[in-house]
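Engineer: Take this structure, written in structure tokens, and hold onto it; I'll ask about it next.
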Amino acid sequence: MTVAAILSRKGREVVTVPTDLSIATVIQMLAEHRIGAVVVTDGDRRILGIVSERDVVRALARGPGALDGVVESIMTAKVVTCTDRDTINDVMTRMTEGRFRHLPVVEDDRLAGIVSIGDVVKARIEQVEREADEMRAYIAMA
Ligand code: AMP
């Protein structure tokens, strides 16, 4: 199964923020959308960074004054991405090696979706269940 298959069911909507948004507003957006990360983009949907709840927690550990800071001061600027053609295994490997749970999808240098570890686990479970069903059907035919 590919990233394209995951996104065909999940949709390609991604919550994005500009670099100068306050961290306090990012926290509100994460809570409102029930998500763990937002992608930082420019006006052309090019990726400039990613901010996850982990970055927010690290910032807050420095004191409540961090809430007045802006996205750019806490985002990870070197973002690892994937494309529609990557497989679940490719995505799982990239997340495991990078120790993160979000992978923005890029097409033609622009943001085209996002895959979270939850999406990957769900897709993998469905794949395993489908294979087991096929195996049971094959054995029943014999
Ligand atoms: P997460 O596990 O996604 O909450 O992220 C953990 C840390 O990795 C945070 O510092 C994020 O900014 C960073 N991060 C999340 N996703 C990516 C990604 N695709 N590429 C690079 N860094 C990331």
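Engineer: Name the residues in the range 37-76 that are near the ligand (Cβ under 10 Å from one of its atoms) and not hydrophobic (A, V, I, L, M, F, W, C), would you?
Structural biologist: G49, S52, E53, R54, D55, R58, T76 - these are the residues of the range 37-76 that are near the ligand (Cβ under 10 Å from one of its atoms) and not hydrophobic (A, V, I, L, M, F, W, C).
Engineer: Among residues belonging to the range 77-121 that are within 12 Å of the ligand (Cβ to nearest atom) and touching an Asp or Glu at 6+ places or on another chain (Cβ under 7 Å), point out the one that is nearest to I35 (Cα to Cα).
Structural biologist: Among those residues, the one meeting the criterion is V105.
Engineer: Give the residue that is surrounded by the most Cβ atoms within 10 Å (Cβ to Cβ), with candidates limited to residues of the range 1-20 that are outside any helix (DSSP H, G or I) and within 15 Å of the ligand (Cβ to nearest atom).
Structural biologist: V17
Engineer: Same structure again: Scanning the range 95-110 for residues that are aliphatic (A, V, I, L, M) and surrounded by 20 or more Cβ atoms within 10 Å (Cβ to Cβ), which turns out farthest from the chain's Cα centre (by Cα)?
Structural biologist: The qualifying residue farthest from the chain's Cα centre (by Cα) is V105.
Engineer: Then there is this: Determine, yes or no, whether V40 is outside any loop (DSSP other than H, G, I, E, B), touching a Leu at 6+ places or on another chain (Cβ under 6 Å), of a type outside the set (S, T, Y) and buried (at least 19 other Cβ atoms within 10 Å of the Cβ). Before you say what the answer is, go through the steps one by one.
Structural biologist: Working: outside any loop (DSSP other than H, G, I, E, B): yes; touching a Leu at 6+ places or on another chain (Cβ under 6 Å): yes; of a type outside the set (S, T, Y): yes; buried (at least 19 other Cβ atoms within 10 Å of the Cβ): yes.
Criteria met by V40.
Engineer: Can I ask one more? Going residue by residue through the range 79-96, is there one that turns out to be polar (S, T, N, Q), outside any helix (DSSP H, G or I) and without any contact (Cβ under 8 Å) to a residue 40 or more places away in the chain?
Structural biologist: Going residue by residue through the range 79-96, those that are polar (S, T, N, Q) are 81, 83, 87, 89, 93, 96.
Adding the requirement that they be outside any helix (DSSP H, G or I) leaves 81, 83, 87.
Retained after the next criterion (residues that are without any contact (Cβ under 8 Å) to a residue 40 or more places away in the chain): 81.
Within the range 79-96 (the criterion being polar (S, T, N, Q), outside any helix (DSSP H, G or I) and without any contact (Cβ under 8 Å) to a residue 40 or more places away in the chain), the answer is yes, since at least one residue qualifies.
Engineer: So if I check each of A140, A123, A132, which one is in contact with a helix residue (DSSP H, G or I) (Cβ under 6 Å, 6 or more places away or on another chain) and at pLDDT below 95?
Structural biologist: Details: A140 fails: in contact with a helix residue (DSSP H, G or I) (Cβ under 6 Å, 6 or more places away or on another chain); A132 fails: in contact with a helix residue (DSSP H, G or I) (Cβ under 6 Å, 6 or more places away or on another chain).
Checking each option against the conditions leaves just A123.
The values are calculated or read from the model by the stated rules, or taken from the named source; none is laboratory data. No experiment lies behind these values; they were computed from the predicted model shown. So basically every Cβ, Gly included, is an ideal-geometry build from the backbone, and we count neighbours across all protein chains shown.
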